[in-house]
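These notes concern the structure reproduced below.
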Amino acid sequence: MNAPDPVRQQPPQSPGGLSGGGVAAIAIVALLGSLTCAGVCAGVVYLAVPQAQSALQKAKAVSGPPANDWWVSRVLSEVYTAALDTAVADKAVIERLGEPIETDVAAEDLFRRKRTGNLDPSSETIEFQILGPKGTAVVTVDVAGAGAGPLIVRSIQVTFSDESVIEVTPPPARDVKVR
């Protein structure tokens, strides 16, 4: 009879891992990926920064109103509303322009402010255009107290296309409160 086969011993195996070459390949791929990403990011920055700087310079050149423009608009819109209501109800203005009298909805802004920057409590002036069936006119409003108390409309002048002017009686003082 034959003797049972001796137990063959197998060489020890490493516990499921990568060989040294596999680790090196992963490291090289990761390094190349990082370099590619860094290169793409640097290229974007190289190309985008000058464009962004150019856009910012153009924006500064257009030089808009100050950062508190929302407050200026808020206060002066009260002046605009009071002056518009007063001017379109004036009998002399109605006689010259006819009825109905409206604002120029095609205008870029509801009103134009004569100054820039912060509100001047001693004097602010705005202008806006009104239209009627018989013609157009520019309303110029001078106000005191803008941003520092009750708004006091000192004068409202309506200048017609033939350069004639009507002085409209200003409305009573108006207290502006922002909630």
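The values are calculated or read from the model by the stated rules, or taken from the named source; none is laboratory data. Everything numeric in this text was worked out from a predicted model, so none of it was measured. Just so you know, the surface numbers come from the protein's heavy atoms only, side chains and all, with ligands and any DNA or RNA stripped out. Shrake-Rupley method; radii C 1.70, N 1.55, O 1.52, S 1.80 Å.
Computed quantities for the displayed model
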read-out	value
Whole-number accessible area per residue in Å² for region 70-179, which is evaluated in the context of all protein chains at 1.4 Å	56 Å²
Relative contact order computed over region 102-153 (Cα-Cα under 8 Å; 6+ residues apart), in percent	32 percent
Percent carbon-and-sulfur accessible area, region 116-159, ignoring ligands, DNA and RNA, probe 1.4 Å	53 percent
